[in-house]
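Chemist: Before I ask anything, let me first share the structure, which is written out below as structure tokens.
The values are calculated or read from the model by the stated rules, or taken from the named source; none is laboratory data. Every value quoted in this text rests on a predicted model; they were computed, and no experiment measured them. Cβ atoms come from the backbone with ideal geometry, glycine included; neighbour counts cover every protein chain shown.
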Amino acid sequence: MGSGYDTRCGTRMRHNRRMRIHVAADHAGYELKVALIEHLSAGERFDIVDHGAFAYDDQDDYPPFCLAAGEAVVADPGSLGVVIGGSGNGEAIAANKVPGVRAALAWNLDTARLGRAHNDANVVAIGARQHSVDEATELVEAFLAEPFSGDGRHQRRIDLLTAYEESRGIA
């Protein structure tokens, strides 16, 4: 494996390096973001990059934070992202504007896992007003732990989306 990456699962794991997680939130997700960063930073599992908000501001807007996290995930092969807002919907929409991002809104353990297993999602969106800190942490942990299945039908669908994204046409 000359590239330094293990490609046996959807997320290319870095050999001898911790997975990098890019995290972003607006004011509605700020407190959850702080708690998640503290949780994910414990131990030696992940390198965390915080893309803001860096302080609570009830007038801030989620797009710049989510776009920054999405851009960073695409530029950092093998990394994943977490974007957090009140519902997670706008954050998923914003992150999905970045070419190469596949953001999935997770609202239960099945959607968190299936976003990775079937869609090879590289960003998870979480609604801070929809879950307790413990529930949201469990969703993020499930997302981060789940590999892409590599199943041919799922890869075919991802390839169709990538082709559209690159050409803006349906093949």
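Chemist: For region 24-31, check the following and say yes or no: at least one residue is under 21 Å from residue 120 (Cα atoms), in contact with a His (Cβ under 6 Å, 6 or more places away or on another chain) and either among the acidic types (Asp, Glu) or surrounded by 19 or more Cβ atoms within 10 Å (Cβ to Cβ) (or both). Step through it out loud before you land on a result.
Modeler: Pass one, region 24-31, residues under 21 Å from residue 120 (Cα atoms): 24.
If we keep only those that are in contact with a His (Cβ under 6 Å, 6 or more places away or on another chain) too, we end up with 24.
Subset that is either among the acidic types (Asp, Glu) or surrounded by 19 or more Cβ atoms within 10 Å (Cβ to Cβ) (or both): 24.
Yes: one or more hits.
Chemist: Here's a follow-up. Step by step: first the residues of region 65-95, then only those that are within 13 Å of the chain's Cα centre (by Cα) and in a loop (DSSP other than H, G, I, E, B), then the one that is surrounded by the most Cβ atoms within 10 Å (Cβ to Cβ). Which residue is that?
Modeler: Among residues in region 65-95 that are within 13 Å of the chain's Cα centre (by Cα) and in a loop (DSSP other than H, G, I, E, B), the one surrounded by the most Cβ atoms within 10 Å (Cβ to Cβ) is 88.
Chemist: Let me ask something additional. Would you check which residues across region 137-171 are closer than 21 Å to residue 20 by Cα, hydroxyl-bearing (Ser, Thr, Tyr) and assigned to a helix (DSSP H, G or I) and list them? Walk me through how you get there before you give the answer.
Modeler: Of all residues in region 137-171, those closer than 21 Å to residue 20 by Cα come to 137-149.
With hydroxyl-bearing (Ser, Thr, Tyr) added as a condition, the list becomes 137, 149.
Within region 137-171, just 137 meets the criteria.
Chemist: Within region 156-171, track down each residue that is surrounded by 13 or more Cβ atoms within 10 Å (Cβ to Cβ), more than 19 Å from residue 73 (Cβ to Cβ) and either touching an Asp or Glu at 6+ places or on another chain (Cβ under 7 Å) or modelled with pLDDT of 95 or more (or both).
Modeler: 157
Chemist: Condition check: among the hydrophobic types (A, V, I, L, M, F, W, C) and within 17 Å of the chain's Cα centre (by Cα). Does residue 160 satisfy that? Reasoning before the result, please.
Modeler: Values: among the hydrophobic types (A, V, I, L, M, F, W, C): yes; within 17 Å of the chain's Cα centre (by Cα): no.
Taking the combined requirement at face value, the residue does not satisfy it.
Chemist: Mind counting the residues in region 46-76 that are in contact (Cβ under 8 Å) with a residue 24 or more places away in the chain and under 18 Å from residue 124 (Cα atoms)?
Modeler: 21
Chemist: Residue check, residue 51 against (1) within 21 Å of residue 142 (Cα to Cα); (2) touching a Phe, Trp or Tyr at 6+ places or on another chain (Cβ under 9 Å), all met but one. Which one?
Modeler: Unmet condition: (1).
Chemist: Among what's in region 114-136 and is of a type in the set (A, V, I, L, M) and part of a helix (DSSP H, G or I), pick the residue that is farthest from residue 76 (Cα to Cα). Walk me through it before giving the result.
Modeler: Taking region 114-136 and keeping what is of a type in the set (A, V, I, L, M), we get 114, 117, 121, 123-126, 128, 133, 136.
From what's left, part of a helix (DSSP H, G or I): 114, 117, 133, 136.
Working: 114: 22, 117: 20, 133: 27, 136: 24 Å.
Ranking the candidates gives 133 first.
Chemist: Which residue pairs have Cβ atoms under 8 Å apart, sit 6 or more places apart or on different chains, and have a first residue in region 96-108 that is in a loop (DSSP other than H, G, I, E, B) and a second that is of a type in the set (Asp, Glu)?
Modeler: Note: pairs meeting the criteria are 98/71; 99/165; 99/166; 100/165; 102/120.
Chemist: Being modelled with pLDDT of 95 or more and under 15 Å from residue 24 (Cα atoms), is that true of even one residue in region 107-122?
Modeler: As a first pass, look at region 107-122 and keep what is modelled with pLDDT of 95 or more: 107-122.
If we keep only those that are under 15 Å from residue 24 (Cα atoms) as well, we get 122.
Checking region 107-122: at least one residue is modelled with pLDDT of 95 or more and under 15 Å from residue 24 (Cα atoms).
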